[in-house]
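The values are calculated or read from the model by the stated rules, or taken from the named source; none is laboratory data. No experiment lies behind these values; they were computed from the predicted model shown. Counting neighbours? That spans all protein chains shown, and the Cβs are built from the backbone with ideal geometry, glycine included. Heads up: the accessible areas ignore ligands, DNA and RNA and are worked out on the full protein's heavy atoms, side chains in. Shrake-Rupley method; radii C 1.70, N 1.55, O 1.52, S 1.80 Å.
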Amino acid sequence: MRNISIRESFWDARRSPLIFFAVAYFFGVSVNLASSLEFVARHKWWILLGVPAVIVIVILSPLFPQVWPRRRAEPVSTIQPARKYRGLVVFASVGAGIETAIAAIRYQNPEFVWCFHSDKSQNDAFKLKESFLREGLLTDEKLRLLRLTDEEFDNPGTVREAIENSVFSVLPEGMTERDVIIDMTGGLKTTTAGAFLAGLSPDRNIEIMKPASTDERGRGQVAGQPLEISISYRLKRVWPR
């Protein structure tokens, strides 16, 4: 992006007034030097009228955008074994599917856990919390169950909004977005989509528990290796068609 700003400041003073006026100054010096040449002196009217005309034609021509290719940001993702974070967001699935959330918590061993559940998976979420409280791995305050209706749990936009309002907007003191990772494994496929949308910010982190086995609906039953997905963006030159 910096290279684009420098280039554009050649003709746009708002980008960098210093560069714009430096270019204008040296352009003026070069014109004065060129005017002293015998060839330029003999053809000064052609140069005086022709050069501006060529510039105007190029600017107004529909082919002009091809002179400077546009730059488009393209996402680049990398997958690696998940790192450990202070905060973890998980989603409770029904039945055996809850094991993926349990495995994510055990792997991360975080200070805080936010567990979203639907009405259908409420009992499974309660059992998850009771288990960790009984083991003394988390306290009641630091393992928070967050309810969504079945309809909300099945809506990516609502899931994303719930994560924004119930997690990132009210982080514990001393914790930043960089300290939290969202595990997208549990819940429904639409729940996963909402979790992914919430984790797209450059300061946020997402992971998925690669299941060792799944049920007939593709939901994880036995948790495998937790994998962290890092998303970055690179600029690519795109020539207009």
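Here the spin labels are modelled as points 7 Å beyond Cα on the Cα-Cβ line, and at residue 106 and residue 212 they lie 0.9 nm apart. Between the beta carbons of residue 171 and residue 18, assuming R0 = 30 Å, the FRET efficiency works out to 0.15 to the nearest 0.05.
Qualifying GluC sites (Glu not before Pro) in the range 123-213, where qualification requires a DSSP coil assignment and no more than 12 other C-beta atoms within 10 Å, comprise 141, 173.
Charged neighbours of residue 202, selected by a Cβ distance under 10 Å, balance to 0 (K, R count +1; D, E count -1). For the pair residue 164 and residue 127, label points projected 7 Å from Cα toward Cβ lie 3.5 nm apart. Ordered by 1.4 Å accessible area with all protein chains kept, 89, 94 run largest first as 94, 89.
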